[in-house]
1. How about segment 74-129: which trypsin sites (Lys or Arg not before Pro) there are in a DSSP loop, with at most 14 other Cβ atoms within 10 Å of their Cβ?
2. Quick one: give the max-minus-min coordinate of the C-alpha atoms of segment 80-191 along each principal axis, largest first, in Å.
3. For the chain, what is one quarter of the convex hull surface built on the Cα atoms, given in nm²?
4. Which FRET efficiency, nearest 0.05, do Asn38 and Ala175 yield, Cβ-Cβ r, R0 30 Å?
5. Hey, rough spin-label estimate for Phe137 and Lys64, points 7 angstrom out along Cα→Cβ, what's it come to in nanometres?
6. In this model, which of Lys70/Lys191; Lys21/Lys191; Lys140/Lys191; Lys30/Lys70; Lys21/Lys130; Lys130/Lys191 are farther than 22 Å apart at the alpha-carbon?
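Readers should treat all values here as calculations from the given coordinates under stated rules, not as data from a laboratory. On a predicted model such as this, the values are computed, not experimentally measured, just so you know. Don't worry about glycine lacking a Cβ; one is built from the backbone with ideal geometry, like all the others, and counts go over all protein chains shown.
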Amino acid sequence: MYRPSHHGCIEVIVGPMYSGKSEELIRRLKRAEIARQNVLVFKPAIDNRYCVENVVSHSGVRFKAHRINKASDILTYIEEDTQVVGIDEVQFFEEEVVEIARTLADRGLRVIAAGLDMDFRGEPFGPTPKLMAIAEFVDKLTAICMICGDPAHRTQRLINGSPASYDDPTILVGATESYEARCRLHHQVPK
Ligand code: ADP
């Protein structure tokens, strides 16, 4: 990837769960810090996975992050000398995150956003598709299908071990819910 160093840009890292989006985001952020750039990282307050104060990957690497309730909160943290803004789990933010990213990139900042491109139904997820459209760089990562070992582009939602239906509610009281990476062939969404 050739990234201009003298003006802003938007980079988007997408893929299903377990595809290494957080790992890749953290790798880029650590390199920016090594380059002595001023880095700020954000994640939605809704994402309490592993730790509230860090972006953490499934493999355990982490980077300090601010938990925010809405994308416009990012603007309150930006300082004169901020150069790089990382956003994890970007799919959970409202549509306004697209405009915030655009504004920051127009101001000369490097914005790196990571998130799910599809929900468990295999449909475009929240603001991610729009962000992909206006980004300079998009990396679509794959995980490994838990059924066949092929590259996986999708996230399988399981409720009590069985594929979740298209219309199953987001919150299911008393049910055990889990997610795994699956290829197109093995991704199931009963109607
Ligand atoms: P994401 O942010 O996309 O959910 P993470 O960066 O948190 O992904 O985690 C990626 C790590 O998850 C991999 O490096 C690997 O250690 C682990 N992992 C667990 N299950 C899988 C899978 N099915 N395919 C690929 N990696 C997996």
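1. Working: sites: Arg102, Arg107, Arg110, Arg121; in loops: Arg107, Arg121.
Within segment 74-129, the qualifying trypsin sites (Lys or Arg not before Pro) (loop, at most 14 other Cβ atoms within 10 Å) are Arg107.
2. Sorted largest first, the three principal extents are 50, 32, 21 Å.
3. Here the figure is 11.1 nm², rounded to one decimal.
4. On the way: r = 44 Å, r/R0 = 1.46.
Approximately 0.10, to the nearest 0.05.
5. 2.5
6. Values: Lys70/Lys191 32 Å; Lys21/Lys191 29 Å; Lys140/Lys191 27 Å; Lys30/Lys70 25 Å; Lys21/Lys130 18 Å; Lys130/Lys191 27 Å.
Over 22 Å Cα-Cα: Lys70/Lys191; Lys21/Lys191; Lys140/Lys191; Lys30/Lys70; Lys130/Lys191.
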